[in-house]
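The values are calculated or read from the model by the stated rules, or taken from the named source; none is laboratory data. All figures in this text were calculated on a predicted structure; none of them were measured in a lab. FYI the Cβ positions are ideal-geometry reconstructions off the backbone, even for glycines, and counts take in every protein chain you see. Heads up: the accessible areas ignore ligands, DNA and RNA and are worked out on the full protein's heavy atoms, side chains in. Shrake-Rupley method; radii C 1.70, N 1.55, O 1.52, S 1.80 Å.
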Number of protein chains: 2
Amino acid sequence: MDATKITLDESELPKAWYNVQADLPEPMPPPLHPGTREPVGPEDLAPLFPMALIQQEVSQERWIEIPDEVRSVLALWRPSPLYRARRLEKALGTPARIYYKWEGVSPTGSHKPNTAVAQAYYNQQEGISRIATETGAGQWGTALSFACGLFGLECQVYMVRISFDQKPYRKAIMELYGGKVQPSPSEATEAGRQILAADPDSPGSLGIAISEAVEDAASREDTHYALGSVLNHVLLHQTVIGLEAEAQLQKAGEALPDVVVGCFGGGSNFAGFAFPFMRHRFDHDKDDLRVIACEPASCPTLTKGEYRYDFGDTAGMTPLMPMHTLGHNFVPAPVHSGGLRYHGAAPLVSHVLQGGHMQARAYQQLECFEAGVQFARTEGIAAAPEATHVIKGAIDEALRCKETGDEEVIAFNLCGHGHFDMAAYAAYFAGDLEGHEFTGKMLDENMKALEGLPTMAG
Amino acid sequence: MDATKITLDESELPKAWYNVQADLPEPMPPPLHPGTREPVGPEDLAPLFPMALIQQEVSQERWIEIPDEVRSVLALWRPSPLYRARRLEKALGTPARIYYKWEGVSPTGSHKPNTAVAQAYYNQQEGISRIATETGAGQWGTALSFACGLFGLECQVYMVRISFDQKPYRKAIMELYGGKVQPSPSEATEAGRQILAADPDSPGSLGIAISEAVEDAASREDTHYALGSVLNHVLLHQTVIGLEAEAQLQKAGEALPDVVVGCFGGGSNFAGFAFPFMRHRFDHDKDDLRVIACEPASCPTLTKGEYRYDFGDTAGMTPLMPMHTLGHNFVPAPVHSGGLRYHGAAPLVSHVLQGGHMQARAYQQLECFEAGVQFARTEGIAAAPEATHVIKGAIDEALRCKETGDEEVIAFNLCGHGHFDMAAYAAYFAGDLEGHEFTGKMLDENMKALEGLPTMAG
């Protein structure tokens, strides 16, 4: 029987995170204070984050030790399995060997708990008793509720109102883990009240929910803020994925992969998988490593966005970050990959893309769902709509190998299951999914709002 | 760091199923033909099942080899992890050591694919190209659609209409795997047409859906029938769970467990976990092994049912089976544990219970959800409503150990995740869950319909 699943023992769970900042060929531009426009210092971030995470945000150490308390919670599902996609290879008729890392085995069904656990731990260590956050589709709010529950912290989730109304079971699983869920915009914050005054029926947005969570955290001594993607420390915590995958490929008798693929929203599942492999590119162990980010055509941050300073939220309360952005006022089309609908990109990924060390592709949701169906019927896993983007990207690479006859190793990160997202598949089978255009005109209009903000040059 | 998760390598996946029939201290009464009332022979079952499964149904061999083609699909998620429930132990303050086997890592989120894969394989081997089945809540229909997809078989699912209407995403995941879903009662079968003629708005029931699937299979040359629980061969296929758990406990340095607990619907997840351990009771290696089945108080088949011959379906088309039954006309209250709402019990489990080798308990759904919430907040897993029954049973055992001070080993089978069942948790948190009474009067009325059927004595 040929091996299909490569597992690691609990004792092989990585003992340190990989910090790509230590290996960057070019220095990162600093984030800027939203008021002064000066580089942000630790003291600026202290009301929102524990010092350990602020240090990780700027650390230049290559390896950062994972506390035992964090590892022992991660061990509830980690190391996650790596699969050789033998059935998919056969269906495609490709000479490529395809491997995928499967993050859907986590308690909440995605990669999100990898950082939620670490963030909850460091906050608890600093005496914080409550964390505020936002959630769109619900995966991040669920992961943080889960992690806060295990560390005895209260978790306050501002959930985009339209999702709150449409997905009552998402509220239920957050409550199951002990989280408190508030539809956003809410009357609980000044940011929320202003939006509601202008539009009492506002459906909310991720940008608004971030503004509310940040305000909540900034205004209470016992409370910090937590973000599920984008920031350097979040990407850092996700590197357990790529580090495990590297050990598993070695166990399977493979050298380093030729192609690494991830789906791209804010950047954390992508970077968590790709950065550990990219260190071999920076090290010149594997100069020709190809790294590909797959994003939705309806929210093409990396492929169509501008690399410049922008805010992370709608109200302009977060630091200005150097990133590919579609403009902080951008409202993506209501595609089913809620986790990929963010106007900006993680500054670290933006920087690496700008440096020419990776590439990005945008896919339409219809072709992604087609890939997801093929994957379910060959590999047996019902992937989250977000994850169908990376499946599509990996299939395209495998078909390229079929044309050229190259026996390449393709590795990708399958970040979550679709058991919460069957309504999206139902829409697909009913023929109700649309393509979504993104035009230069939309981008131009959004970019007008950024006039006057600092640019990278200056 | 103390180990919390005990994993096995893919190569340690069991190579044979354990057949409890070889070890039964007393012989089983035979199933009877619904027409002749004579013991059923292989030729009676041939229109419905492949000969390999019919042989397994009556085999007296202790070990039955698992085909490599089946093992290689099971390897997509098996061996599943065994957990030491350290956080739950601590929360309870018990000296007991609690272990649970986690079947929620399967592609469809429950233990059901363990037998679906084997059944699809044997049917394909016999040249069958289509399988008909029924599903209530949807777990079984999903598992069989998944398995049929991987073996290139068509899968026709008759889904209880009220579930079909209430849970459109269940239809979507079956379609994702290539299954065809028909609300039941339907116009496609004589059984369905009769029900619809009498009541065009019939919400359907599991018993009706079984009748339709059996009729579909019996009337087509290319089609067989598949059942997700109750039958001997189904229980056999599930024994990989207990066999793996035994190896994992050994790896954790434990002797055989003192108490084994499972939740009970038709009997397959319970037996799959418990029977391999019970062989040590039949062998006299562990005479004092305690085995406990936990069922819903609203459908108390083992604790209140009568041990006698009854049909498996509403229309009386299946063989008469020797089992604990609430009567084949019994309609359980609409509790959220859809997978535990069946009027009968697996004949093998009924026989073992009747012989005094195990015990059964009935729990109210409210106390089960309470246990489920405690489990989610300690162990991090959102269990299916069905699985909360075994959590409640295990907690009760652990609290008994707390009183007595006994350092017992308690092992239980957590058969699935609740990611499809968050509406049930939402109802729990909203205070909308009810207790459900089961009265002797209900039982008496149901039993009247069984008058005239053969009894065990004669």
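Exactly one residue among B:398, B:382, B:423, B:346 is more than 30 Å from residue B:310 (Cβ to Cβ) and out of contact with any Asp or Glu (no Cβ under 9 Å at 6 or more places or on another chain), and that residue is B:423.
How about segment B:3-18: which of its residues are within 7 Å of another protein chain (Cβ to nearest Cβ) and out of contact with any Pro (no Cβ under 7 Å at 6 or more places or on another chain)? Talk me through it step by step, then tell me what you get.
Step one: of segment B:3-18, the residues within 7 Å of another protein chain (Cβ to nearest Cβ) are B:3-5, B:7, B:9-10.
Once the filter is applied, which keeps residues that are within 7 Å of another protein chain (Cβ to nearest Cβ) and out of contact with any Pro (no Cβ under 7 Å at 6 or more places or on another chain), segment B:3-18 yields B:3, B:4, B:9, B:10.
So, residue B:247, is that one in a helix (DSSP H, G or I), more than 22 Å from residue B:121 (Cβ to Cβ), touching a residue at least 40 places away in the same chain (Cβ under 8 Å) and touching a Pro at 6+ places or on another chain (Cβ under 9 Å) or not?
yes
Among the residues making up segment A:19-29, those that are in contact (Cβ under 8 Å) with a residue 60 or more places away in the chain and either surrounded by 14 or more Cβ atoms within 10 Å (Cβ to Cβ) or within 14 Å of chain B (Cβ to nearest Cβ) (or both) are A:19, A:20, A:21, A:23, A:24, A:28, A:29. Scanning segment A:77-91 for residues that are open to solvent by 10 Å² or more (accessible area, probe 1.4 Å) and more than 10 Å from every other protein chain (Cβ to nearest Cβ) yields A:84, A:89, A:90, A:91. Of the helices (runs of 4 or more DSSP H) contained entirely in segment A:342-458, not one carries at least 1 residues that are on the phi > 0 side of the Ramachandran plot.
Considering the conditions (1) crowded, with 24+ Cβ neighbours inside 10 Å; (2) within 13 Å of another protein chain (Cβ to nearest Cβ); (3) part of a strand (DSSP E or B), residue A:174 is excluded by exactly one of them, (3).
Answer yes if at least one residue in segment B:124-137 is touching a Pro at 6+ places or on another chain (Cβ under 8 Å), touching a residue at least 12 places away in the same chain (Cβ under 8 Å) and open to solvent by 20 Å² or more (accessible area, probe 1.4 Å), and no otherwise.
yes
If the condition is being in a strand (DSSP E or B) and buried (at least 24 other Cβ atoms within 10 Å of the Cβ), then segment A:260-290 contributes A:260, A:261, A:262, A:263.
Assess whether residue A:143 counts as being open to solvent by 10 Å² or more (accessible area, probe 1.4 Å), within 14 Å of chain B (Cβ to nearest Cβ) and of a type in the set (Gly, Ala, Ser). No.
Report whether or not residue A:136 is away from every other protein chain (no Cβ under 14 Å) and on the phi > 0 side of the Ramachandran plot. No. The C-beta contact set for segment A:58-76 (first residue more than 8 Å from chain B (Cβ to nearest Cβ), second residue part of a loop (DSSP other than H, G, I, E, B) and charged (D, E, K, R), distance under 8 angstrom, 6+ apart or interchain) comprises A:65/A:15; A:66/A:15.
Under 19 Å from residue A:99 (Cβ atoms), open to solvent by 10 Å² or more (accessible area, probe 1.4 Å) and among the acidic types (Asp, Glu), is that true of residue A:407?
Yes: the conditions hold for residue A:407.
With over 26 Å from residue B:338 (Cβ atoms) and not aliphatic (A, V, I, L, M) as the only criterion, which of B:275, B:264, B:282, B:311 stands out? Spell out how you get there, then give the answer.
Numbers: B:275 fails: over 26 Å from residue B:338 (Cβ atoms); B:264 fails: over 26 Å from residue B:338 (Cβ atoms); B:311 fails: over 26 Å from residue B:338 (Cβ atoms).
Answer to the selection: B:282.
The selection criterion, being charged (D, E, K, R), without any contact (Cβ under 8 Å) to a residue 40 or more places away in the chain, within 14 Å of another protein chain (Cβ to nearest Cβ) and surrounded by fewer than 24 Cβ atoms within 10 Å (Cβ to Cβ), does not hold for residue B:187. Listed conditions (1) open to solvent by 10 Å² or more (accessible area, probe 1.4 Å); (2) in contact (Cβ under 8 Å) with a residue 24 or more places away in the chain; (3) part of a loop (DSSP other than H, G, I, E, B); (4) under 21 Å from residue B:438 (Cα atoms) are all met by residue B:339, apart from (3). What is the one condition in (1) more than 14 Å from chain A (Cβ to nearest Cβ); (2) at negative phi that residue B:37 does not satisfy? Unmet condition: (2). When the criteria are applied in full, residue A:192 meets the requirement of being of a type outside the set (Asp, Glu) and away from chain B (no Cβ under 14 Å). Do you know which residues across segment A:387-437 are over 16 Å from residue A:368 (Cβ atoms), β-branched (Val, Ile, Thr) and touching a residue at least 24 places away in the same chain (Cβ under 8 Å)? If the condition is that a residue be over 16 Å from residue A:368 (Cβ atoms), β-branched (Val, Ile, Thr) and touching a residue at least 24 places away in the same chain (Cβ under 8 Å), then A:409, A:410 are the ones that fit.
For segment A:413-458, filtered to residues that are farther than 22 Å from residue A:319 by Cα and polar (S, T, N, Q), the residue that is most open to solvent (accessible area, probe 1.4 Å) is A:439.
Has segment A:371-390 got any residue that is away from every other protein chain (no Cβ under 14 Å), closer than 21 Å to residue A:101 by Cβ and either open to solvent by less than 10 Å² (accessible area, probe 1.4 Å) or more than 21 Å from the chain's Cα centre (by Cα) (or both)? Taking every residue of segment A:371-390 in turn, at least one turns out to be away from every other protein chain (no Cβ under 14 Å), closer than 21 Å to residue A:101 by Cβ and either open to solvent by less than 10 Å² (accessible area, probe 1.4 Å) or more than 21 Å from the chain's Cα centre (by Cα) (or both). Taking the numbered list (1) surrounded by fewer than 24 Cβ atoms within 10 Å (Cβ to Cβ); (2) away from chain A (no Cβ under 11 Å) in turn, residue B:94 passes all entries but (1). Among the numbered conditions (1) within 13 Å of chain B (Cβ to nearest Cβ); (2) open to solvent by 20 Å² or more (accessible area, probe 1.4 Å); (3) not in a helix (DSSP H, G or I), tell me where residue A:155 comes up short. Exception for residue A:155: condition (2). Close contacts from segment A:199-217, counting a first residue that is in contact (Cβ under 8 Å) with a residue 60 or more places away in the chain and among the charged types (D, E, K, R) and a second that is crowded, with 24+ Cβ neighbours inside 10 Å and not in a loop (DSSP other than H, G, I, E, B), with Cβ to Cβ under 6 Å and a gap of 6+ residues or different chains, come to A:212/A:158; A:212/A:184; A:212/A:191; A:212/A:192; A:215/A:191; A:216/A:132.
Only a single criterion out of (1) open to solvent by 30 Å² or more (accessible area, probe 1.4 Å); (2) closer than 30 Å to residue A:191 by Cα; (3) of a type in the set (A, V, I, L, M, F, W, C) is not satisfied by residue A:118, namely (1).
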